[in-house]
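Following: one structure in structure tokens, then a few remarks.
The values are calculated or read from the model by the stated rules, or taken from the named source; none is laboratory data. Bear in mind the structure is a predicted one, so any value in this text is a computation, not a measurement. With ideal geometry, Cβ positions are generated from the backbone for all residues, glycine too; neighbour counts draw on all protein chains shown.
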């Protein structure tokens, strides 16, 4: 978004508090949310843009009804969103990222469970005016009600005569997109960087889309939700690399690939080793080890 776009995106904010506090309950139990400022991701977007976007969405969701919207405490930092949401007693919080995209902005919207801290719904949209965010608010509200309904239905009493259970599925859906974390372990920066490239290539061979992240596995607990929000990933993969070279034409690579979900919980691990000789021995060894570990990890994840 450029400055001319910002000027025509003015939104009357004075009625927001009345809207948020005056919304009635249309169902029981009514899901409760707080909408935090969207994070400006790029030099062409200001913090005010993200704050205005969150106010627009919060006001519209409150007007549509069926969801109780609590005002976000002023000055809440991104790192405190989950803690503040829990202190407010809400079921979910909404936030995301705003990135400049020509005359528009790319907006990543995230619905996060305040109970688990996991992202339960995500969407990406291209917006030019704040008025277009009204439609996004309706979509977010629908996602909130849909997810809340599923959560309630899971608590219903079991039937006295349950239907014949279906055979358990052995397959887990493949991840839609993977965020590749910065590899760790090896002392050679060029080999660590090469391992990240090898992981991207190995995922591409398995027809899995990938995005890079500068965060490492050791920081995953505090960064997982943010990485998923920024990249749209549903799985995070970290790599631990160890290489040994006996001479210029012989090398061994040991790789451990670890998967994490968007709350930072480990969801599988695979290791592989490979030897190579000849020209570019350490590159070949890393390629082979990473390729094998990624293939085995994805196969184990899908149950095949």
Any hit, region 212-219, residues being in contact (Cβ under 8 Å) with a residue 24 or more places away in the chain and in a helix (DSSP H, G or I): yes
Hits in region 257-286 (condition: surrounded by fewer than 19 Cβ atoms within 10 Å (Cβ to Cβ) and in a strand (DSSP E or B)): 266, 267, 268, 269, 271, 273, 275, 277
Residue tally, condition buried (at least 16 other Cβ atoms within 10 Å of the Cβ) and part of a strand (DSSP E or B), over region 108-134: 12
Count of region 66-94 residues which are in contact with a helix residue (DSSP H, G or I) (Cβ under 9 Å, 6 or more places away or on another chain) and on the phi > 0 side of the Ramachandran plot: 1
Test: residue in region 287-301 that is farther than 29 Å from residue 116 by Cβ, at pLDDT 85 or above, in a helix (DSSP H, G or I) and more than 28 Å from the chain's Cα centre (by Cα): yes
